[in-house]
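Notes follow once the structure below has been shown.
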Amino acid sequence: MRLVRDLGRRKLRSTLTITGIMIGIMALVVFGSMANKIDALVKGGSEYYKDKVTVSAKGGTMGLGGVLSTRMVDQIETLDGVDVALASTMMMVSDDASAVSMGIPPMIVGSIAGSDKGRETFKLNYASGRALTPQDEGSNVVVLGSDLSKQLKAKVGGTVTLRGETFQVVGILEPTLTAPDNEAAVPLAAAQQLLIKTLPALIADKLNVNEIATGLVVYPKPGVDPQKVADEIKAAIAGVTPMTGKDFDKQIGAATSVLSAILIGIGLISLLVGGLSVINTMAMSVAERTREIGIKRAIGASRWRIRREIVIESAVIGLIGGLLGLTLGFLITALGNDAGRDSGTILFDLTFGTALSSVTFATILGAVAGFIPAWHASRLDPVAALRYE
Amino acid sequence: MAILEGRNLRKTYRLSRRNTVEALKGVEISIEKGEMVAIMGPSGSGKSTLMHILGLLHAPDPNHGPAPELRLAGEDVAALSDNARTKIRARRMGFVFQDFNLVPTLTALENVTLACDYAGIGGKLGRQAGLEALALVGLEDRANHKPSELSGGEQQRVAIARALVNKPEIILADEPTGNLDSDRSAEVLALLRQFNREHGQTVVLVTHDSEVGEACDRVIRMRDGRIRDYGQRAAATAAAPVIAVPAVAVPA
């Protein structure tokens, strides 16, 4: 209570300082949430690619790129270290570049349900409806990721239009915070039909629509290093690029960790400025209260007591700024995600950990910033401080 | 028995590189337990400096002459650490200043309990003691007022309550009546005299006012950093107070 009165005594200055901290924490929360989202995306990808080899046409990556033949599946399955291989066909839901912003654009992914023979370990949960089955081959049905379903305003039992074709929605996934959130899973045959339409007529005419794919997913035998399988595939088949989980981490992980570092760096710099302004406020407040500190010292307050009083006061400034910054950051990320949902871009993931650590950080920052003025105050000579006007 | 004993007390203040002031030039002093002593002298005579040393706010200079001695109830306190001196100030001394020196943001009661807090008496106990001390100075109904809402005399009485709340052995008052008119001065002085008589607290006060001096048991006179006159202890049997103790009236 006393402390709040002390802060209230210097309303303008306390308000400005708290605002400074608030902006810093807000930046940290917003950018941190953005980094969380990227991290979750990358971590999900890393998890997914970890135990398998993904084969793309030469120059492609992650099962995207030029057209491959599904006949390669049999060829690859004859290799030593390979357990199961399957064909998949991926393409963007829309070629419109404006839909592509941060993260992964909405994708259509086609494969025969169950063709992984139980090898896929990446677990998907269904918010409503059901998973695709092998019997779905030949019909236009779709399972939508959480974000994509919101963007398309789709419900199980309804229909959506993907690349000009009408699909019946049979299932919607729970959020995974990674790639499947923005995917439309369809039977392989349906994806092949969509893919062939994207190809130039001259090439399309020469291809058998039932044999085209953009990628192959290869599960090594248990205990076999995916890298060894990748090497085998490279040696056996010309014109393909195999990718392992390590390759994914290298390509994507490195790029995004730099981005995350930049985002968090921006937040930290704004906090540094906030911290300096706490030092300034508390130094001014110590100067103003010189006489009061003299009184307290004279009647028996120890140096430690004086220091504690000032450090706690500045920690409270940090805490208030931190809580306000978190509130503001929460509003910005929530509104940003709401606005982005229609275009399928969910930018922020404000986790409990991010929230807690930003407020804790603000409080500690305040306390540390208060320590210099507190030290100065505790060294004042009580008699001189009493005479101070 | 002497509660405060000092010998070879010197203090030189360095105002700038060349300009130093010798405020105390070797003082010997002894104050008896239960005495009410006034230290008088012109400005710059060293009376405040002496009080700061007796109140352990400053330590006497240890160099340039015979070693200083300072005893509080027989215990050597001349060279204690800042922390040890602070502890003694908190528990065994009470301070009253000329300009009251209350913390402006705290209420009268909070100002008083601050002293309890520093002496290690917190919470309900401190609050209880604070209210009792305010009642002793006749201000229990002003407990929740801020200093700015109190008159000068009332503020000084709050300061006296703060000085008394821990029942210290010694009360040190630096010009306690300097900023008060004569009626309020008499009130404050009467209070100090009352506690000195009733509770046996030793009172040392620095003053310009000879009337205040006359109300004390003894007047020590200083000039140029030295004690010129130790004064005569008034007859211990003096039953009648030198100044009539007025009923402490709360101004309407």
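Looking at the protein assembly as shown, send over the antiparallel percent of its DSSP beta bridges, to the nearest 5.
65
At a Förster radius of 56 Å, what calculated FRET efficiency corresponds to the Cβ-Cβ distance of B:TYR13 and A:THR166, to the nearest 0.05?
0.05
Return, ordered by residue number, the residues of region A:141-185 whose backbone nitrogen is under 12 Å from a label point located 7 Å along Cα→Cβ of A:LYS197.
So the set is A:161-167.
Please work out how much length the chain gains when fully extended from A:THR121 to A:ASP51, using 0.36 nm per residue of separation minus the C-alpha to C-alpha distance, in nm with one decimal.
So the extension gain works out to 24.3 nm.
Starting from the Cα-Cα distance between B:ARG228 and B:GLU214, subtract it from 0.36 nm times their residue separation and give me the gain in nm to one decimal.
3.3 nm
How do B:222-229, A:80-87 rank on mean C-beta neighbours within 10 Å, highest first?
My ranking of the peptides, most packed first, is A:80-87, B:222-229.
List every residue whose amide H lies under 5 Å from the amide H of B:ASP174, counting only residues 5 or more places away in sequence or on a different chain, with H placed 1.01 Å from N in the peptide plane.
Amide H neighbours of B:ASP174, under 5 Å, 5+ apart: B:VAL96, B:PHE97, B:GLN98, B:VAL206.
Take every residue in peptide A:298-309, count the Cβ atoms of other chains within 10 Å of its Cβ, and give the average of those counts.
6
Run through the DSSP bridge list for chain B and note the antiparallel percent, rounded to the nearest 5.
Roughly 50 percent of the DSSP beta bridges within chain B come out antiparallel.
Mind checking how much accessible area A and B bury in total, 1.4 Å probe, in Å² rounded to 100?
Chains A and B together bury approximately 2200 Å².
Please give the Cα centre distance for region B:97-151 versus region B:36-77, rounded to the nearest Å.
28
Would you mind giving the mean number of other chain beta-carbons within 10 Å of the Cβ of each residue in B:101-107, as a whole number?
Taking all residues of B:101-107 together, the mean is 5.
Quick one: accessible area per residue over the protein assembly as shown, 1.4 Å probe, rounded to a whole number of Å²?
Solvent-accessible surface per residue comes out at 46 Å².
What does the net charge come to around A:SER88 if you take all other residues with beta carbon closer than 14 Å to its beta carbon, with K and R at +1 and D and E at -1?
The answer is -3.
Using modelled backbone amide H atoms (1.01 Å from N, in-plane), which distant-in-sequence or interchain residues come within less than 5 Å of A:GLU174's amide H?
Residues meeting the criterion, in which the H sits 1.01 Å from N, are A:ASN125, A:TYR126, A:ALA127.
Which aspartates and glutamates, on any chain, are close to A:LYS234 with Cα under 18 Å apart, when same-chain ones fewer than 8 places away are left out?
Cα-Cα hits under 18 Å: A:ASP51, A:ASP74, A:GLU77, A:ASP80, A:ASP83, A:ASP225, A:ASP247.
Say we join alpha carbon atoms closer than 10 Å with springs in a Gaussian network model of chain B; which of B:VAL27, B:VAL204, B:VAL96 then has the biggest fluctuation?
Per the Cα network of chain B with a 10 Å cutoff, B:VAL27 tops the list.
Ordered by residue, what ³J(HN,Hα) values in Hz, to whole numbers, does region A:313-320 give under the Karplus form 6.51 cos²θ - 1.76 cosθ + 1.60, where θ = phi - 60° and Gly and Pro are x?
Each residue's phi maps through the Karplus curve to give 4, 6, 5, 5, 4, x, 5, 4 Hz.
In deg cm²/dmol and to the nearest 500, what is the mean residue ellipticity at 222 nm of the protein assembly as shown if only DSSP H runs of at least 4 residues count, each as -39500 (n - 2.57), divided by the residue total?
Helix-only estimate at 222 nm: -14500 deg cm²/dmol.
Starting from the Cα of A:GLU174, step 7 Å along the direction of its Cβ; do the same at A:ASP205; then give the gap between the two resulting points in nm.
5.1
Taking the mean number of other Cβ atoms within 10 Å as a proxy for protection, how do you rank A:289-302, B:171-184 from highest to lowest?
Averaged packing, sorted descending, gives the order A:289-302, B:171-184.
Which FRET efficiency, nearest 0.05, do B:GLU132 and A:LEU331 yield, Cβ-Cβ r, R0 56 Å?
The computed FRET efficiency comes out at 0.60.
So for each of A:197-203, A:326-332 I average, over its residues, the number of other beta carbons within 10 Å; can you give me the resulting order with the highest mean first?
Ranked from most to least packed, the peptides come out as A:326-332, A:197-203.
Mind checking which aspartates and glutamates have their C-alpha under 19 Å from A:LYS155, skipping anything on the same chain fewer than 8 residues away?
A:ASP136, A:ASP147, A:GLU165, A:GLU174, A:ASP181, A:GLU183, A:ASP338, A:ASP342
Can you list the lysines whose alpha carbon is less than 24 Å from that of A:LYS150, not counting same-chain residues fewer than 8 positions off?
A:LYS37, A:LYS43, A:LYS123
What nm value, rounded to one decimal, do you get for the distance between A:LYS11 and A:LYS228 when each label is placed 7 Å out toward the C-beta?
It works out to 7.5 nm between the two label points.
Whose amide H sits under 5 Å from the amide H of B:ARG10, counting only residues 5 or more places off or on another chain, with H placed in the peptide plane?
For B:ARG10, whose amide H was placed from the backbone, the distant partners under 5 Å are B:GLY26, B:VAL27, B:ASP61.
Just tell me how shielded B:34-45 is by partners: mean number of partner chain Cβ atoms within 10 Å of each residue's Cβ, no decimals.
For this peptide, the per-residue mean of nearby foreign Cβ atoms is 0.
Normalising by the residue count of chain A, find the relative contact order in percent from Cα pairs under 8 Å and 6+ residues apart.
It rounds to 29 percent for chain A.
Give me the one-decimal nm value for the distance between modelled label points at A:ILE364 and A:SER69, 7 Å along each residue's Cα-to-Cβ direction.
Roughly 6.1 nm, to one decimal.
Counting DSSP beta bridges in region A:21-173, what percent are antiparallel, to the nearest 5?
75
Lysine pairs in chain B with Cα distance under 30 Å, only those 8 or more apart or on different chains: how many are there?
19
Based on the Cβ-Cβ distance of B:VAL21 and A:ILE269, what FRET efficiency does E = 1/(1 + (r/R0)^6) give at R0 = 41 Å, to the nearest 0.05?
In this case the efficiency is close to 0.25.
The values are calculated or read from the model by the stated rules, or taken from the named source; none is laboratory data. Values in this document were obtained by computation on a predicted structure and should not be read as measured data. Glycine gets a Cβ as well: all are built from the backbone with ideal geometry, and neighbour counts include every protein chain shown. Calculation scope for accessible area: heavy atoms of the full protein, side chains included, ligands and nucleic acids excluded. Shrake-Rupley method; radii C 1.70, N 1.55, O 1.52, S 1.80 Å.
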